[in-house]
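Asks: Sharing a structure, written as structure tokens. Questions coming.
The values are calculated or read from the model by the stated rules, or taken from the named source; none is laboratory data. Everything numeric in this text was worked out from a predicted model, so none of it was measured. So basically every Cβ, Gly included, is an ideal-geometry build from the backbone, and we count neighbours across all protein chains shown.
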Amino acid sequence: MTRREWLAVVATSPFARRSAAGTAIRRRPRLYAGLAASWVVVGAIVASGPRWRSAGLSSGVSPWLYLLNQPELIVIYLRLAVWPIGQVFDYGLPRQQLLASVWPYAAVVLAMLIATAAAWRRHRELAFLGSCFFMALAPTSSIVPIATEVGAERRMYLPLIAIVILCVVGAWWLLTQFSSSFDSRRTRAIGAACLAAAYVALAGFTVQRNSEYRSRTGIWQTVLDRYLKKYDTRAKMGTLVFSDIDMNGLSDEDVFVTGAWAITREPDNPHGRFTLLFRRIGNRWRIVYDHSS
């Protein structure tokens, strides 16, 4: 069962309202048994490791290391959901992290989890939105490593639904609170003005982001620019070293290259393997396939 199907079922569930969880399960035991059984399938797929080089518990990246990378990314996703400026096309590979360096971001995520759990007592609607957010994000942003991609903004597509609903409902609640101080005509005018301002701002951000996709090099140029901004010194960038290089000629036009890579820098030392396929195109050799883990 996909996350989309899971959310579609739970959205119509009594869990989203104030009825007791036990009552909901007794009314539709087969439905919830099927939902629970779907996780057995997910566990079996992860354990069997069909994508062991790129994702899963045998991908070469430990669950703890991957988990340490996620709090900062989740905070970035939340910031982009509110202010979508500075998107990144490629977040790179998981990096060695120290708990001391990620605790501010981890504290934000932990506070959200605690608030969601506490809300189940008195504010089930809010708790439902918070639970949907974390459950939709968990498969890609928790302990199951994706070795080739530490983060991706597309992972927020489904969790973003909960945030959008919360923002819309919150805005409507504020508007109704103001309506007691203003007449209904003025309230509608304020609401229309806020909606128009949000529309114009988001449309402008969309146009700006789309402009980065106008050429093949444009999107990667933004990745490079933001990379240089984050790693603005040689010490932060580190030194890239290749070793154990093996070249195999597949034909006069194709060469298969494998090897190891490592970056020496403080405070981490990321490393892994790479696979390249070179192809002669005209008088030049070009990389037509690249995989790193």
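Asks: Name the residue, out of Val241, Val223, Val207, that is exposed (fewer than 11 other Cβ atoms within 10 Å of the Cβ) and of a type in the set (A, V, I, L, M, F, W, C).
Replies: Numbers: Val241 fails: exposed (fewer than 11 other Cβ atoms within 10 Å of the Cβ); Val223 fails: exposed (fewer than 11 other Cβ atoms within 10 Å of the Cβ).
Of the residues listed, the single one that is exposed (fewer than 11 other Cβ atoms within 10 Å of the Cβ) and of a type in the set (A, V, I, L, M, F, W, C) is Val207.
Asks: Which residue out of Leu126, Leu93 is surrounded by 15 or more Cβ atoms within 10 Å (Cβ to Cβ) and either more than 19 Å from Ser141 (Cα to Cα) or of a type in the set (S, T, N, Q) (or both)?
Replies: Numbers: Leu93 fails: either more than 19 Å from Ser141 (Cα to Cα) or of a type in the set (S, T, N, Q) (or both).
Unique residue meeting the criteria: Leu126.
Asks: Of everything in segment 244-273, what is surrounded by 13 or more Cβ atoms within 10 Å (Cβ to Cβ), closer than 24 Å to Ser101 by Cα, out of contact with any Leu (no Cβ under 6 Å at 6 or more places or on another chain) and of a type outside the set (Gly, Ala, Ser)? Give them in sequence order.
Replies: In the first step, residues of segment 244-273 are kept if they are surrounded by 13 or more Cβ atoms within 10 Å (Cβ to Cβ); the result is 254-263, 265, 268, 270-273.
With closer than 24 Å to Ser101 by Cα added as a condition, the list becomes 262-263, 265, 268, 270-272.
Now narrow it down to the ones that are out of contact with any Leu (no Cβ under 6 Å at 6 or more places or on another chain): 262, 265, 268, 270-272.
If the condition is that a residue be surrounded by 13 or more Cβ atoms within 10 Å (Cβ to Cβ), closer than 24 Å to Ser101 by Cα, out of contact with any Leu (no Cβ under 6 Å at 6 or more places or on another chain) and of a type outside the set (Gly, Ala, Ser), then Arg265, Asp268, Pro270, His271 are the ones that fit.
Asks: I need every pair where a residue in segment 104-126 that is touching a residue at least 60 places away in the same chain (Cβ under 8 Å) has its Cβ under 6 Å from the Cβ of a residue that is loosely packed, with under 15 Cβ neighbours inside 10 Å and not hydroxyl-bearing (Ser, Thr, Tyr), sequence separation at least 6 or different chains.
Replies: Between residues of segment 104-126 that are touching a residue at least 60 places away in the same chain (Cβ under 8 Å) and residues that are loosely packed, with under 15 Cβ neighbours inside 10 Å and not hydroxyl-bearing (Ser, Thr, Tyr), the close pairs are Arg124/Arg18.
Asks: Continuing with the same structure: Considering each of Ile74, Ile85 in turn, give the residue that is surrounded by 15 or more Cβ atoms within 10 Å (Cβ to Cβ) and either within 14 Å of the chain's Cα centre (by Cα) or assigned to a loop (DSSP other than H, G, I, E, B) (or both). Please lay out each step first, then the result.
Replies: Numbers: Ile85 fails: surrounded by 15 or more Cβ atoms within 10 Å (Cβ to Cβ).
Matching residue, one of Ile74, Ile85: Ile74.
Asks: Can you confirm whether Thr116 is over 30 Å from Trp220 (Cβ atoms), in the same structural domain as Tyr66 (by TED's automatic domain parsing) and among the β-branched types (Val, Ile, Thr)?
Replies: On the way: over 30 Å from Trp220 (Cβ atoms): yes; in the same structural domain as Tyr66 (by TED's automatic domain parsing): yes; among the β-branched types (Val, Ile, Thr): yes.
Against the criterion (over 30 Å from Trp220 (Cβ atoms), in the same structural domain as Tyr66 (by TED's automatic domain parsing) and among the β-branched types (Val, Ile, Thr)), Thr116 qualifies.
Asks: Need pairs with beta-carbon distance below 9 Å; first residue in contact (Cβ under 8 Å) with a residue 12 or more places away in the chain and closer than 17 Å to Leu113 by Cα and within segment 68-86, second polar (S, T, N, Q) and part of a helix (DSSP H, G or I); sequence gap 6+ or separate chains.
Replies: Note: pairs meeting the criteria are Leu68/Ser101; Glu72/Ser101.
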